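One structure is given here, and the rest of the page talks about it.
The values are calculated or read from the model by the stated rules, or taken from the named source; none is laboratory data. Keep in mind the model is a prediction, meaning the values are calculated, not measured. Cβ: placed from backbone, ideal geometry, glycine included. Neighbour counts: every protein chain shown.
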Amino acid sequence: MSDLHWKTAITQVRPNEIRLRGYRIDELMGRVTFGQAVYLALQGDLPSPEVGRLIEAMLVSSIDHGATPPSALTARTVASTGAPLNAAVAAGVLAISRYHGGAIEDAMRTLLDALARQDEEGTAAEAVAAQVIAEMRAAKRRAPGFGHRIHTDDPRTKRLFALAEEAGVAGRGVAMIRALEAALAEALGRHLPINVDGALAALLVDLGFSPEMGNAFFIIARLPGLVAHVYEEQTRQRPMRRIHPTDHEYDGPPARDVTRDT
């Protein structure tokens, strides 16, 4: 072996054989969902179908949020210059950072810190949550994973928590973020609901993901939406246009019922 020899535990490729974490990809195809495959790639083990379904729902929850987020605007702006699809999508991904998508990682770190305190102190989640919120307010830090500029009651949060309960995944992460929600409402004198980032953070904690995966998970989820925005920009809009961040309207299909169409 040369001095440059190194190892990877992710994928093994041989003639006529590709294995992801030990599983043949051709045997995974048609047998596991994309959510299960994502979990397998990131975590190293194949999850149950129930957890795979939850992962799928988590990815769907952040697939797109309109043309106003910085990632979509960035992707469309770069696409309008004549850049190829991959460059425009990459630009959108690069716009996902601390203040856009980063709330998942920040919320995960907050939850993990709170859970560590609970273990050390042996106190109830409610007491730890009150302490964490008090410290954030004293430091004038915003609690990540709460509130939304558009939604006063994020419908994605309820659905994700319900699916997590069904899958038997909802654990200490979900319990702690609910305790933080109650403590925040007590401190503010008004309800600031858990948004989708907070819900994803709690579920990723309960699924055993590291906080460094928070942004990565958001990127995986948002990628199809970015591709759609770039393709629409390239095929529907004129090049080098001035893109207003909010002055646009939806003209796609009318409201449809997924329970009727599936």
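Residue check: is Thr110 surrounded by 13 or more Cβ atoms within 10 Å (Cβ to Cβ), out of contact with any helix residue (DSSP H, G or I) (no Cβ under 6 Å at 6 or more places or on another chain), part of a helix (DSSP H, G or I) and outside the structural domain of Arg172 (by TED's automatic domain parsing)? Considered against the rule, which asks whether it is surrounded by 13 or more Cβ atoms within 10 Å (Cβ to Cβ), out of contact with any helix residue (DSSP H, G or I) (no Cβ under 6 Å at 6 or more places or on another chain), part of a helix (DSSP H, G or I) and outside the structural domain of Arg172 (by TED's automatic domain parsing), Thr110 comes out as no. Looking at Ala67, Ala57, Ala37, just one residue is within 17 Å of the chain's Cα centre (by Cα) and under 21 Å from His151 (Cβ atoms), and that residue is Ala57. For the structure I just gave you, tell me whether Arg141 is surrounded by fewer than 21 Cβ atoms within 10 Å (Cβ to Cβ) and at pLDDT below 95. Yes. Each residue in segment 66-84 was checked for being more than 17 Å from Thr246 (Cβ to Cβ) and of a type in the set (A, V, I, L, M), and 3 of them qualify. Note on segment 49-102: among residues that are hydroxyl-bearing (Ser, Thr, Tyr) and over 17 Å from Pro239 (Cα atoms), the one that is surrounded by the fewest Cβ atoms within 10 Å (Cβ to Cβ) is Tyr99.
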